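The values are calculated or read from the model by the stated rules, or taken from the named source; none is laboratory data. Here the structure is a predicted model, which is why all the values come from computation and not from measurement. Here Cβ is always computed from backbone atoms with ideal geometry, including for glycine, and neighbour counts include all displayed protein chains. Calculation scope for accessible area: heavy atoms of the full protein, side chains included, ligands and nucleic acids excluded. Shrake-Rupley method; radii C 1.70, N 1.55, O 1.52, S 1.80 Å.
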Amino acid sequence: MITLKDIDKVYRTERVETLALHNINLDIAQGEFVSIMGPSGCGKSTLLNLVGLLDKPTTGTLTLDGQKINGAGDKALARMRNEKLGFVFQSFHLVPDLTVLDNVEIPLLYRRMTAADRRKHALAALDRVGLASRVHHFPTQLSGGQQQRVAIARAIVGKPTIVLADEPTGNLDSAMGDEIMSILEELNSKDQTTIVMVTHDDRFAERTSRTVRLFDGRQVA
Amino acid sequence: MRNTSLKLAFKVLARRKVFTAISLVGITLTLVILMVAAAIFDNTFGAAAPESRIGRMLFVRTVGMYGPNSSNTSNPGYGFLERTIRNLPGAENVSVYGEAMTSVIYDRGRRIEAQTTRADGAYWQILDFKFVEGAPFTAADDAGDRRVAVISEPLRDRVFGRKPAVGRSINLGGQSYRVTGVVTAVPPTRIAAYSEVWVPIGALSSEQRRAFMGPFNGLVLARSRWDFKGLKREFASRVAREPNADPKEYKEIRAGLDSSFEAFARQVTGNRVARPALFLGSILAGAALLFMSLPALNLITLNLSRIMERSPEIGVRKAFGAPRRALVAQFVAENVVLTLIGGAIGFVLAFAFLRALDASALLPDSRLDLNLRVFGYGVLIAVFFGILSGVYPAWKMSRLHPVDALRGGSL
C-alpha cells in the first residue's frame, strides 16, 4: 500500500543543510496500524509528511497504492490527498470560524458533490465519533477530546484508505487519549483503514500492529 | 460561491473587527470617489432627457486644418455641416445648432446674463425637452427668421417671476423675442441640450452659409447604432472632398462624426490624436487604476497579514486536497464580499454627496443621479477593486507550502 525506498530528506537553507531522514525503507500493507516513535527532532513528522504527500523526498521513491509519487505535480498530489488520505493533527487544526459540521465538510468541498450529500456524509462521520449532538457548535465550545474527535470525523468523512495521525493524543489527558485511540483502533479493525500514527506514548504504540523507530533521521527498528 | 465560503467570509470579517473596519474605511472612501466620478460621467454621457436617445446620436463639434507649421481648430461652420451631414444615408434626422454663448436679457432696468443657443427646427425633434409651457419653435419659424424663443424654467422665474411666459417678450441683446415655450432646466453637463435660451438660427449671410468654420455644431440621429460605421465612413469621405482653402499652409482637414464621449475627447485633445476616445478613455482608466492602486496596496498588505493568521486553515485545506485554484477563488471571493460591503456603504455616501452637490451652487442645474446604471458601475468597480486587491495575497497564500502553513507559515 505504502512503500518508501531509499528515502532521504534534506532541508537546505543558504547556510545550513540538515539531513532530516536518511535511507528510509518502509513497507506498510493495507489495513496495518503502524506507529512511528522516536525522540523529538528525529524525523517522525517529516516521515509522516512524506507519506501524506505534504512534502517531497529529496531522493528515493515513494509509492502509494501502486502509484509512484515522485514527479507528480501539485494538482495530482492534491487530488490524491483528497481521495486517499485523511489527516489528524496534534493541535486539531479545526477552523475556528466554522461550525463542527462545516469543519467536517471541508475535504468534501473539493469533490464533485452536492451540498446535501456533503451534509449527509459529514453527519454520518460525526455520528461515528459520537458527536452527532454537537454539529452546530463551534470548536471553541468543545473540550480537547471532542475537538480531536471532530478532527477524526473530518479525516474519515471522505472515506480515505489511509489515515495519518501526528501525535493525535499529544494534547490530551490520558482518558481522552484512550478515547481517541479506541476510535482509531475501531477504524482500523472495522474498515480496514490503514493508520500511520506518530506518538511519544509507549502505551499507545503497544496497541498498534507495528512500531517503526527513528533516531537522528535513521530507521532503527 | 459556496455557501460555506460565504459564511466563512462573513465570520472572518465579523471576528476581525479592526481589520474589517480599517479595510472598509479605505474601500468605502475609494469607492465613493469613483462612484461620484462614475455618476458625473454617466450624467454627462449617459442617456437622460433631453438626450434620451444619446445612444443613437453623433456629433460634429470640432474641425481643424493642420499643416507642418500651423494649425487652426474651431467649431464647424454652417456650410461645412450642410455639406457633410445633410442627407447622410442611415440618418433619421439631422440638426445644426449653435454653441451656447452668453447673451444679455434687458428687463425693466435689469441685466440678466443667459446662455443662448441658436437651433434649427430638427433640434427639437431629436432632443426630448420637457415643456412646462407652450411648444418649441418650428423649422418654419427658423426659415422665416422669426424672433421667437424657448427659455428654461429657472430663467422664466428670474425674468417673469414664476408667471406664465408664453406669448410674452424678452429683450435679448436689444432685440425682442416672443416666448413660444418654457422647458425644465437642463444640466450644464449635457453636450447638446444645455442652454437657457434657444432661438432660431434665422437668416445667415451667403458667406456664413458657406463657412468651413464657425460657431455651430452638427447633430445626427442615426436609425440605430449599427448605422454608425456607415455614417462615419460617408462623413469621412465627404470631409475628404472638402476644398482646402489654404493648401500652402494646411495639408490636412480633420473632423469627426463622434459619439458624445468621442466629441468630448476630440475637444479635450484638440483634435490632434487619431482616436481621441481611446486616448482619453485610456488616460481616465489609467487614472482610475492609479487612484485605486494606493488603497489596493494598503488592502493587499492587510490581506497578507490576515493570511498569516489563517495559515493553519490554509494548511488544513491543502492537506485535505484543496487545489490552488480553489484557494485563490475562496480568498478572492472573501475579499470581493468585503469590497461589496464597502461598495454598499460607498453607494449610500455617494448618493448623499451627489444630493449635496446638486443642492449646492457648484454645478448649477445639475441633476447627478445614482440610477441603476451607476449602481451597475459601482458594483463593477467594487468587484474589480476586490479582485485587484485580493488576487496577489490569494496567489501568495495558494503557494504556501502545506507543512509550513500548518506550522504557522511564512510567505
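Structure notes:
- Cα-only radius of gyration and Dmax that characterise chain B, units Å: 28.0, 89
- Global form of the range A:43-88, assessed from the alpha-carbon gyration tensor, a/c cut-off 1.5: oblate
- Solvent-accessible area per residue, Å², over the range A:1-136 with all protein chains present [probe radius 1.4 Å]: 45 Å²
- Of the solvent-accessible surface of the protein assembly as shown, computed with a 1.4 Å probe and all protein chains present, 56% belongs to carbon and sulfur.
- Given charges at beta-carbon only (K, R positive; D, E negative), |dipole| of chain A in Debye: 680 debye
- Against the criterion of solvent-accessible heavy-atom surface with a 1.4 angstrom probe, B:290, A:53 sort, most first, into B:290, A:53.
- Model label zone, residue B:175; criterion: amide N under 12 Å from point 7 Å along Cα-to-beta-carbon; scope the range B:97-129: B:118-119
- Residue among B:132, B:284, B:197 farthest towards the positive dipole end of chain B, charges placed on Cβ: B:284
- FRET efficiency for residue B:162 and residue B:66, using Cβ-Cβ distance with R0 set to 41 Å, rounded to 0.05: 0.20
- Model label zone, residue B:379; criterion: amide N under 19 Å from point 7 Å along Cα-to-beta-carbon; scope the range B:288-308: none
- Of every Cα-Cα pair in chain A, the percent that sits beyond 23 Å: 47 percent
- 19 Å Cα-Cα reach of residue B:163 towards lysines, excluding residues that sit fewer than 8 places from it in its own chain: B:130
- Three-way shape call for the range B:25-98 based on the alpha-carbon gyration tensor, with the a/c threshold at 1.5: oblate
- Ranking B:226, B:124 from most to least accessible surface, computed with a 1.4 Å probe over the protein chains only, gives B:226, B:124.
- Dipole axis of the protein assembly as shown (+1 Lys, Arg; -1 Asp, Glu on Cβ), positive-most option in B:347, B:397, B:150: B:150
- Helix axis angle, B:324-359 relative to chain B longest principal axis, alpha carbon, degrees: 40 degrees
- Helical runs (DSSP H, four residues minimum) scored at -39500 (n - 2.57) apiece and divided by the length of chain B put the mean residue ellipticity at 222 nm at -16500 deg cm²/dmol.
- For the range B:270-369, the pair-distance distribution built from all alpha carbon pairs, in bins 10 Å wide starting at 0, is 12, 23, 28, 21, 12, 5, 0 percent.
- At an R0 of 35 angstrom, the distance between the Cβ atoms of residue B:372 and residue B:242 translates into a FRET efficiency of 0.25.
- In Å², nearest 10: area of residue B:70 left accessible to a 1.4 Å probe: 30 Å²
- With the Kirkwood sum run over all distinct C-alpha pairs, the protein assembly as shown has a hydrodynamic radius of 30.6 Å.
- Equivalent ellipsoid, the range A:94-221 (semi-axes from 5 times Cα gyration tensor eigenvalues, Å): 27, 17, 13
- Cα gyration tensor category, rounded, prolate or oblate, for the range B:62-257 with a/c compared to 1.5: prolate
- Solvent-accessible surface (1.4 angstrom probe) belonging to residue A:166, in square angstrom, nearest 10: 30 Å²
- Cα-Cα over 27 Å, subset of B:17/B:396; A:5/A:190; A:9/B:318; A:68/B:396; A:159/B:17; A:56/A:120: A:5/A:190; A:68/B:396; A:159/B:17; A:56/A:120
- Extension gain from residue A:190 to residue A:40, taking 0.36 nm per residue of separation minus the Cα-Cα distance: 50.8 nm
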